[in-house]
Every structure is written in C-alpha cells, then in structure tokens.
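For reference, the structure discussed in these notes is given below.
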Amino acid sequence: MTALSFWQPYAWLIVNGHADVDSRTWAPPAKRLGTRIAVHASKRKLTRAEFKYFLEMMNDLKIKKHPRDIADFDYGKVVGTVIISEVKKNSKSYWAVSGYFHWLLKNPKKMRPIAVKGKMGWFPVTFI
C-alpha cells in the first residue's frame, strides 16, 4: 500500500471521518484516484497555537469527542486509511482551501497506530 504523511491534527481528522477534503498545491497522480492509501501522521508536533485553533474548530463544528491535549495525538505512525475518490478545484467542503487542489476523501478507516518512518511525498508501507 502507498502512504502519504499528514500533519496533525489533519491525520486524526481524516481517519475519524471529520475531514472529507485534503487541500494541496498539487494533484495526485491519476493512478491514485479511487485507491485506498495509508494515512501517516507525521512526527511534527502541533504548537500550542495550532492546538488552540484545533479546539476552536472542534467547538465550531460541534465535534465533542476529540483529543484533549497535544500529547493525545499519534505522531510518526500510520493511523488509518482513506480512499482518494476524486480531485476538484471547487469543493464546497469546510476543509477546501481556495486555489488549491481538493482531494476528495471517502471511507476512512482508523487502525491501531503503527510506527513508520515517514517521507516526503508518496512512500510504500508493507504491513497493510
């Protein structure tokens, strides 16, 4: 399976079914559309300001069950999988950033986190 790293809290949001779009400056290769990828939570830890913003988002979106501390997130681990169903530039999703490619995500699956060294871009994982 192919993996892609995401900063927290986005890896958590994706595998828990809260984020249905990933906004990126580049489009995925056509061969990735319709395929399930592993969601890797990068080792980069949230800052206090980012975590405060995350808590504000959870309140605005009325998501009650979520990590309560920066340390409650997994880092440097594959945390689940998701399907990249299509790519648009005009998604109306809360997560869509104007001017970016909107990777539409569906059927997220959480899994027991497994430590994996991440990489930039796509990288293979063999345990799934």
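The candidate values are (1) 0.94; (2) 1.50; (3) 1.53; the one derived from this structure for Rg/Rh (Cα atoms, Kirkwood Rh) carries the label (1). Counting charges near Thr2 (Lys, Arg +1; Asp, Glu -1) among other residues having Cβ under 12 Å from its Cβ returns a value of +4. Hey, in the GNM for the chain with a 10 angstrom Cα cutoff, which one of Asn90, Asn16, Asn107 fluctuates hardest? Looking only at Asn90, Asn16, Asn107, the largest GNM fluctuation is found for Asn90. Between Trp95, Val15, Phe54, the Cα set farthest toward the positive side of the dipole of the stretch 1-119 (charges on each charged residue's Cβ, about the Cα centre) is that of Val15. For the stretch 1-40, the list of chymotrypsin sites (Phe, Trp or Tyr not before Pro) that fall in a loop by DSSP and count at most 12 other C-beta atoms within 10 angstrom reads Trp26. Overall, the accessible surface of the chain at a probe of 1.4 angstrom is composed of carbon and sulfur to the extent of 53 percent. Extension gain, Ala49 to Lys64, is 3.4 nm, computed as 0.36 nm per intervening residue step minus the present C-alpha separation.
Only DSSP H runs of four or more residues enter the estimate; each adds -39500 (n - 2.57), and after division by the residues of the chain the mean residue ellipticity at 222 nm equals -4500 deg cm²/dmol.
The values are calculated or read from the model by the stated rules, or taken from the named source; none is laboratory data. Everything quoted here is computed from the prediction, not taken from an experiment. Cβ coordinates were reconstructed from backbone atoms using ideal geometry, including for glycine residues, and neighbour counts include every protein chain displayed. These accessible areas exclude ligands, DNA and RNA; they are computed on the full protein's heavy atoms, side chains included. Shrake-Rupley method; radii C 1.70, N 1.55, O 1.52, S 1.80 Å.
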